[in-house]
1. Using a 1.4 angstrom probe and counting only protein chains, how large is the accessible area of residue 171 in Å², to 10?
2. If I stretch the segment between residue 489 and residue 81 completely, what's the gain in nm (0.36 nm per residue apart, minus their alpha carbon distance), one decimal?
3. Cβ neighbours within 10 Å, averaged per peptide: list 40-50, 8-18 in order, most packed at the top.
4. To the nearest 20 debye, what charge dipole does the chain have about its Cα centre, counting +1 at the Cβ of each Lys and Arg and -1 at the Cβ of each Asp and Glu?
5. Considering the zone a paramagnetic label at residue 144 would reach in this model (a point 7 Å from Cα along the Cα-to-Cβ line), which residues of region 40-68 have amide N under 15 Å from it?
6. What is the gain in length, in nm to one decimal, between residue 364 and residue 239 on full extension, counting 0.36 nm per residue of separation less the C-alpha to C-alpha distance?
7. Simple spin-label model, 7 Å along Cα-to-Cβ: residue 187 to residue 232 in nm?
8. Straight-line reach from residue 81: which lysines have Cα under 22 Å away, leaving out those fewer than 8 places along the same chain?
Amino acid sequence: MPAWLKDAIFYEIYPQSFQDTNADGIGDIPGIIHRLDYIRELGCNALWLNPCFASPFLDAGYDVADYYTVAPRYGTNEDLKNLFAEAHKRGMHVLLDLVPGHTAAEHPWFRESCKAEKNPYTDRYVWTDEVWRIPEGMNTIRGFSERDGACVVNFFSHQPALNYGFLNPAESWQQSMDAPGPQATLAEMKNVMAFWLSMGCDGFRVDMAGSLVKNDPEQEGTIALWRQVFAWLEKAFPEAAMVSEWGEPDRSLRAGFHMDFLLHFGPSHYNDLFRCDNAFFAGNGDASAFVKAYEATRAKAEQGLICIPSGNHDMQRLTTHLPEDGVRIAFAFLLSMPGAPFLYYGDEIGMRYLWDLPSKEGGYSRTGARTPMQWGRTANAGFSSAAPEKLYLPIDPAGDRPTVEAQMTDPDSLYQEVRHLIEVRRANPALGNLGRLRFVYAPEKACPLVYLREAEGERVLVILNPSETAGTFPWTEGLGERIYGQGGAASVENGTVTVPAKSASFYRV
Ligand code: GLC
Ligand code: CA
């Protein structure tokens, strides 16, 4: 694992919505450079940028039309190179988003692949051998190409699936993973990675990383494929960091990834904590299923980081299901768990999910979590000097919308709380990315949630009680210095700790 991941705290940027510098209403790379000091001051030292490559933007850039060129609306390759350099100057690292599973339908490879005559791209995508043959359990598009066949798609129907082969080919049109077509696809993806890594990029977040090989229910084929990639990467770019969008660390970390996310899909019970009607951090939910799933995953994943994001561009905002104090206790959790924390832009000031926005660039219900960053009081909240109707998405119209400017000067703001939590994490190795974790108390349908973090001979007990009522848990060891607190302190008597309602505490023990 690259050494820099030991203390990496990531900030995810949806480039469309972060900072516009040329008044076209869309965020851009010079805007990100302009805001690097802000991110550093918050305490984050690494970025993940959503895809910023040439694209028709039918899925916000997850439909890549050219893997080697920055989308003109964001700037140039030179701008991106400049971002890498400016980040490095500040001791920061930058991950790009790699979308290896599919391209845009307008990618030149796909146009070639649609032709009836054989050419070097005939086998770049997954096609059946005649248009009437529709494989079971896969989505296809058909009837539009000169070529006779149905083409498998990965996500939306404008995202044809790149061909990495089938685990156990069962029909003549299904190629094995080591056939020339799949091997050429893989070689090209390595070229893409090498291209950006050589330019100064520090690694990738990998989109739908678990879905490359087809007919692969246990993902063993995809795991084997990634192991090949990592064997190459560790030699060629040993400092490159890779985080998968997979959601099952026991598989992805075995595949070689350094990090995987717990997500709103998959077996992690992530939503139980933050995003459901009775979310744990809203005070009336249950963390026990999450804890069980976490422990089961951890037991099977020998190495690597399990990362819990505050949110991302695919889900509602952290504030959607949680009250303000719940959001703060959730941050105390996010910033005291092992793994690298990932903060979604704007979550540090409590930006809101906007309901009922018309879909933008394939966002649909995700659109409301992708609105422009709220910097300050100036026009368009400081995001852009374009006319409001030209903005990528409207700014939160609420009169009391949170802004960076207001929260930076308010000592009691969420921004200050998050910043402080990052400081506390950085000052205490036990709380760090690699520190050990042991759950102490995670009852069904009750609070608090208690766990112990440990590293370098230091131990910190984390006690989180989002409930409206006080709670207790058994603990015979006593409590030392309270190194972080929200709400009242805990007290210990006769082997029982009493925890006030709506509180979060870190104690040395
Ligand atoms: C991932 C991305 C999502 C995208 C999809 C297809 O889930 O996070 O935004 O639409 O993959 O690439
Ligand atoms: Ca712009």
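1. Spelled out: residue 171, probe radius 1.4 Å, area about 90 Å².
2. Details: separation 408, 0.36 × 408 = 146.88 nm, distance 4.80 nm.
Computed gain between residue 489 and residue 81 is 142.1 nm.
3. On the way: 40-50: 20.3, 8-18: 25.0.
Result, highest mean Cβ count within 10 Å first: 8-18, 40-50.
4. Numbers: 45 positive and 65 negative charges, 127 e Å.
Dipole magnitude for the chain comes out near 620 debye.
5. Answer for region 40-68: 56-59, 63-65.
6. 41.4 nm
7. According to this spin-label approximation, the distance is 0.9 nm.
8. Leaving aside lysines fewer than 8 places away in the same chain, those within reach of residue 81 are 89, 190.
The values are calculated or read from the model by the stated rules, or taken from the named source; none is laboratory data. Everything quoted here is computed from the prediction, not taken from an experiment. Glycine gets a Cβ as well: all are built from the backbone with ideal geometry, and neighbour counts include every protein chain shown. Ligands, DNA and RNA are excluded from the accessible area calculation, which covers all protein heavy atoms including side chains. Shrake-Rupley method; radii C 1.70, N 1.55, O 1.52, S 1.80 Å.
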